[in-house]
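Worksheet for the structure shown next.
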Amino acid sequence: MCGIIGIIGNSDVAPRLLESLRRLEYRGYDSAGIAVQTGHGPERRRAEGKIRNLEAVIDEQPLPGVVGIGHTRWATHGAPSVRNAHPHHYGKVTLVHNGIIENFAELKAELKAKGQVFESDTDTEVIAHLLNDALEGGQPLKDAFKRVLDRLHGAYALAILVEGEENTILGARRGSPLVIGWGENDEMFLGSDALAVGPFTQRVTYLEEGDWVILSRGGAQTFDAQGFLVNRPVTTVSASAALVEKGSYRHFMEKEVHEQPDSCQRTLSAYLDPVAGEVRADIKAALDFSQIVRIQIIACGTAYYAGSVARYAFEKLAGLPVDVEVASEFRYRSPAMMPGTLAVAVSQSGETADTLAALRWCKDEGLKTAAVVNVHSSTMAREADLMWPTHAGPEIGVASTKAFTAQLSALLCLAVCAARQRGRITAHEEAHLVQVLLESPGLISQALGMDADIVRITHKLSKARDVIYLGRGDMYPLALEGALKLKEISYIHAEGYAAGELKHGPIALIDENTPVVVIAPDDALFEKTASNVQEVAARGGRVIMITDTPEKVPALSEDAARTLTVVKAPACDPFIAPLVYSVPIQLLAYHTAVHKGTDVDQPRNLAKSVTVE
Ligand code: M6R
């Protein structure tokens, strides 16, 4: 979603605004712009497309000045164009916005009735008009700003410049995050996340829901939604959270896939005590799963598939009923919730609008809530009764990879915890499962060694128009995840199916042009999945089978055998197979996209953190 940066600096800010916008590219955007206080009011430069287009505009028409704001826009209202790019301007006010103003049509009609003319199709522009009106009406800046915020419905993070207030940036958050950055020599920053201000400072203040701020040189006055002055703590974010580089990798996605042995290790360490051979005491103390009658997992996209994999573990190991639902459906369905249900939101960002709304709905229903989140300062982390962190580190690639395996790591540990607390496994069995989990970083590392084999098959795969993914048991959600990964970064149409469902319809799609990726670890369902491979091969389908047990793949006729490619995965305990097999499906999508030459880290139309509905 849109990215925001604001700087009150001691030297020309345009280069630093651009540097920050480049850091925000990962969020997904289609236009960008900056505005700088030039001494005679804020001036803007905007461009459609990539930041380099904006740089070219600024090279031609430089913007000197030490105070400014910048924005990457992910279009919601109005096409991606210069006209709709932020900053928006009216009268004395120039601003950038992330979120959606839901009552913009009503506000716009009111302003138009007064004769005001709009230059864009955006919802954002009404805020500039409203604030300018309030200021023209003679209200002091602080009162005018509060009054405007009170009129807005929906979600926003805002950074605002006002003519005549040369050393001030106004900021506000509701629904979309915003952080204050505390720099050296009285420099101050405002950003949509810690990464935005990361090149300049690691000292940040996370604004809370409804907070708004008047940023000045060397300080900030922060107010809560009611308008009371508040003191929010300053925290120091780690250097890795503040500055993330690609290093020698071609793409952030590639780097993040390769970081998984470490990110899983870090996450497992937060949940497991390797010496005692059990789930850590603090995790056990935080929640007694024997008091939980049911789990409701709510999430979107890849996080939803992590929850779907976890369901198998919680039900099988702990005998705990689990429902998993995409948050955008859950929140509007009026679901019937049973007392004793634990609602678990799973989210990398902790800011996804639908997941957050679903979590809030569960809280309002009086349910106990937990959030499995990677951004520990996120809104979900703060609002859930219990935060279960993942330790993937900052994930920049839009396609979620290391966050997914970190979510799986945390959830599998929690399933073991639940099983033990519910008396479903003995201490000895717990120790065995802990041992198995602790082996996963090493096995993930081995799975990364499948890279060369996978590169070989993706050349052909990149020519496909449609691809089918099949899996059984917890490999079924992994098949869905594999299909999502492929379609989002390579733009190849892909669908995941439960392998047993094939003959109930999807088999009609099988022909020599539709590759079928079969995820088949050596588990209790292997033979059944292998039968499905036979069915596909018998119909001339091209099968790519990912398995640790190629020797068990049934003998096929000579013709059928020619269409079968087996990719050998490391052997592993079925409990951690979802972790290990995540790697080849990520690599498959990655190399296919590289072959196709798509924008791997910032696929078209996608945003990293989806903070609008
Ligand atoms: O930040 P979240 O985990 O809540 O994000 C959820 C989805 O938007 C996200 O997983 C999305 O599906 C990714 N692009 C998948 O790679």
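The values are calculated or read from the model by the stated rules, or taken from the named source; none is laboratory data. In this text, all values refer to a predicted model and were calculated from it rather than measured experimentally. All Cβ positions, glycine included, derive from the backbone under ideal geometry; neighbour counts span all protein chains shown.
Test residue 362 against the stated conditions and say whether it is in contact (Cβ under 8 Å) with a residue 12 or more places away in the chain, hydrophobic (A, V, I, L, M, F, W, C) and within 11 Å of the ligand (Cβ to nearest atom). First the steps, then the outcome.
Working: in contact (Cβ under 8 Å) with a residue 12 or more places away in the chain: yes; hydrophobic (A, V, I, L, M, F, W, C): yes; within 11 Å of the ligand (Cβ to nearest atom): no.
Here the answer is no, as residue 362 does not meet what is asked.
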Every pair of residues 6+ apart whose Cβ atoms lie under 6 Å, when the first sits in segment 172-188 and is surrounded by fewer than 20 Cβ atoms within 10 Å (Cβ to Cβ) while the second is not hydrophobic (A, V, I, L, M, F, W, C): 183/201; 185/10; 186/217; 186/218
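What are the residues in segment 557-590 that are farther than 23 Å from residue 437 by Cα and either acidic (Asp, Glu) or within 16 Å of the ligand (Cβ to nearest atom) (or both), if any? Steps first, please.
Of segment 557-590, the ones farther than 23 Å from residue 437 by Cα are 557-567, 588-590.
Across segment 557-590, the qualifying residues are 558, 559, 588, 589, 590.
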Those helices (runs of 4 or more DSSP H) lying entirely in segment 485-597 with at least 1 residues in contact with a strand residue (DSSP E or B) (Cβ under 6 Å, 6 or more places away or on another chain): 526-538, 577-596
Near pairs, Cβ below 7 angstrom, 6+ apart or cross-chain, from segment 261-283 (in contact (Cβ under 8 Å) with a residue 24 or more places away in the chain and buried (at least 17 other Cβ atoms within 10 Å of the Cβ)) to any residue that is among the basic types (Lys, Arg) and in a helix (DSSP H, G or I): 263/402; 279/420
Near pairs, Cβ below 9 angstrom, 6+ apart or cross-chain, from segment 135-150 (β-branched (Val, Ile, Thr)) to any residue that is in a helix (DSSP H, G or I): 148/127; 148/130; 148/131; 148/133; 148/134
All positions within segment 327-347 that are surrounded by 13 or more Cβ atoms within 10 Å (Cβ to Cβ) and either away from the ligand (no atom under 16 Å from the Cβ) or more than 25 Å from the chain's Cα centre (by Cα) (or both): 332, 335, 337, 341, 342
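Given 336, 318, 353, 285, which one is small (Gly, Ala, Ser) and under 30 Å from residue 195 (Cα atoms)? Write out each step before concluding.
Working: 336 fails: under 30 Å from residue 195 (Cα atoms); 318 fails: under 30 Å from residue 195 (Cα atoms); 285 fails: under 30 Å from residue 195 (Cα atoms).
Exactly one residue qualifies, and that residue is 353.
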Test: residue in segment 289-310 that is free of Cβ contacts under 8 Å to residues at least 12 places away in the same chain and either over 20 Å from residue 386 (Cβ atoms) or touching a strand residue (DSSP E or B) at 6+ places or on another chain (Cβ under 8 Å) (or both): no
Odd one out for residue 298 among (1) within 12 Å of the ligand (Cβ to nearest atom); (2) in a helix (DSSP H, G or I): (2)
Single condition residue 324 does not satisfy, out of (1) assigned to a helix (DSSP H, G or I); (2) crowded, with 19+ Cβ neighbours inside 10 Å: (1)
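Against the condition under 30 Å from residue 524 (Cβ atoms), outside the structural domain of residue 574 (by TED's automatic domain parsing) and not charged (D, E, K, R), how does residue 344 come out, does it pass?
On the way: under 30 Å from residue 524 (Cβ atoms): yes; outside the structural domain of residue 574 (by TED's automatic domain parsing): yes; not charged (D, E, K, R): yes.
Spelling it out, residue 344 is indeed under 30 Å from residue 524 (Cβ atoms), outside the structural domain of residue 574 (by TED's automatic domain parsing) and not charged (D, E, K, R).
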Some residue of segment 522-530 being more than 15 Å from the ligand (Cβ to nearest atom), in contact with a Cys (Cβ under 9 Å, 6 or more places away or on another chain), of a type outside the set (Ser, Thr, Tyr) and not assigned by TED's automatic domain parsing to the domain that holds residue 395: yes
